[in-house]
Each structure stands twice: as C-alpha cells, then as structure tokens.
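Values quoted throughout were computed directly from the atomic coordinates according to the rules given, and no laboratory measurement underlies them. This structure is a prediction, so every number in the text was calculated from the model and none was measured. Neighbour counts run over all protein chains shown; Cβ positions are idealised from the backbone, glycine included.
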Amino acid sequence: MNAGESFDVIIAGGGAAGLSCALFLARAKMRVAVFDQAQSSLRRVALVFNYLGFPDGIGGAELLDRGRIQAELSGAKCFDEDVTSARVVEGGFEIVAGPRTCRCSTFVLASNKRTDLAAALGLALGGFGGRFVSVDPQGQTAVPGCYAVGRITGLPSQAVISAGDGARVAIALISKARGGYYVDHDT
C-alpha cells in the first residue's frame, strides 16, 4: 500500500463485526481496507459453540482467521497495523496507520478497544464504562460518514451478533452508495 492510497471505506478493527462488514463491502466491489492488530477478545475464546454452522464449536482465533481469508478473497485489503489517528478532512477522512496515510470517504469503527479514535473524531462515549458510541439504525454515528459496528455500539459481545451487525451496516453503506436497495445473494 502506498502513502496516500484511497479507499471507499476504511475499517478500524478486524473482529467479527469489522471482517463481516469488509466481506460484504468487498463483495459489492467497494474498495475497502481493514486495519487490525489481532486484539479482538474473540481470539482468546477456546471454542465458540453458539456460531451457526459449527455444531462442534470453533476456536475464536480460527473463526477470525477464516473470516479474514474470506474477506481478502472477496477483495478486501487487510493490514496488520493499528490506526493511530483519524481525522475529518474534505471529502471524508484521513487515516494514519503506521507509516501510511490513507483517505476514505467512509470510516468504520469496529473495535471497542479503539475509543481513542471515536474521541478524536469528537464522538461522545457513553454506556457501561463510557465505552460505547451511539449510532442510528444504519450504524451512522454523529460524525457524517463515520459508522460504528459491533461491541463499540453497546451490542452484546456474542460473535454472531457482531458479525450480523457488520453485515447490516455494510448493506446500508452499499445501498447508499448505489442509490437503492441492495441484496447480496450468491447465484
């Protein structure tokens, strides 16, 4: 990735919500990047038994590793770097991750461990422990073009709920970009 590279969407966080969001966006041919340092608490779960399709359970780290592979095969770019700053600029956001500076029209907060990014963008934090961001039904925060998915929104922390939230917000973003109803079905 070159300095100054632009994406339609940059996602800070590669847990179930962030990867699910990236998967749907990439399948819709949107340019999407995920920045993640493998900090999702799901990585510490030995076996997840409540995720549809895995009756014998699946390790949390394996579930996320498979999700990342699937998102990348669909066209998402995933980087093992932390977003160190995010700021509003004309036309969207400027994101710094390691030595890179990137731009995007839409920024998605997908990690409850990154409340610093929410605060830097001027978002109010509330809820239990002051760690949650308010969103509308499409996942939009109070900052235009900034969305949030998963645990940072105060949703329960079950992986399947977070994955569904990431997909829901991605569908809303795709519908907005395309100017109409969007559905992702395999043919």
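A few comments on the model shown:
- A simple charge model with +1 on the Cβ of Lys and Arg, -1 on the Cβ of Asp and Glu and nothing else charged puts the dipole of the stretch 6-178 at about 220 debye relative to its Cα centre.
- When the GluC sites (Glu not before Pro) in the stretch 75-107 are filtered for DSSP coil states and for at most 12 other beta-carbon atoms within 10 Å of their beta-carbon, the remaining sites are GLU90.
- Judged by the ratio a/c of the largest to the smallest principal axis of the C-alpha gyration tensor, the stretch 86-187 counts as oblate, that ratio being 1.5 or greater while a/b is no larger than b/c.
- For the stretch 115-131, backbone phi angles converted through the Karplus equation (6.51, -1.76, 1.60; θ = phi - 60°) give residue-by-residue couplings of 5, 4, 5, 4, 5, 4, 7, x, 7, 6, 9, x, x, 4, x, x, 10 Hz, Gly and Pro being listed as x.
- For the stretch 1-75: Kirkwood Rh in Å [reciprocal of mean 1/r, alpha carbons]: 13.0
- Springs join every pair of Cα atoms under 10 Å in this Gaussian network model of the chain, and among PHE54, PHE93, PHE35 the largest mean-square fluctuation is at PHE54.
- GNM result for the chain, Cα springs below 10 Å: residue of CYS102, CYS21, CYS146 fluctuating most strongly: CYS102
- Listed by chain and number, the lysines placed with their C-alpha closer than 18 angstrom to that of LYS77 are LYS29; residues fewer than eight positions away on the same chain are left out.
- Computed across the chain, the Kirkwood radius stands at 16.3 Å (inverse of mean 1/r, all Cα pairs).
- Of the DSSP H helices in the chain, those whose Cα atoms cover at least 27 Å axially and whose Kyte score averages 0.5 or more: 159-178
- Helix-only mean residue ellipticity at 222 nm for the chain, each DSSP H run of n ≥ 4 adding -39500 (n - 2.57), per residue, nearest 500: -9000 deg cm²/dmol
- Counting only residues at least eight positions apart within a chain, or on another chain, the aspartates and glutamates with an alpha carbon under 15 Å from that of LYS113 are ASP36, GLU81, ASP82.
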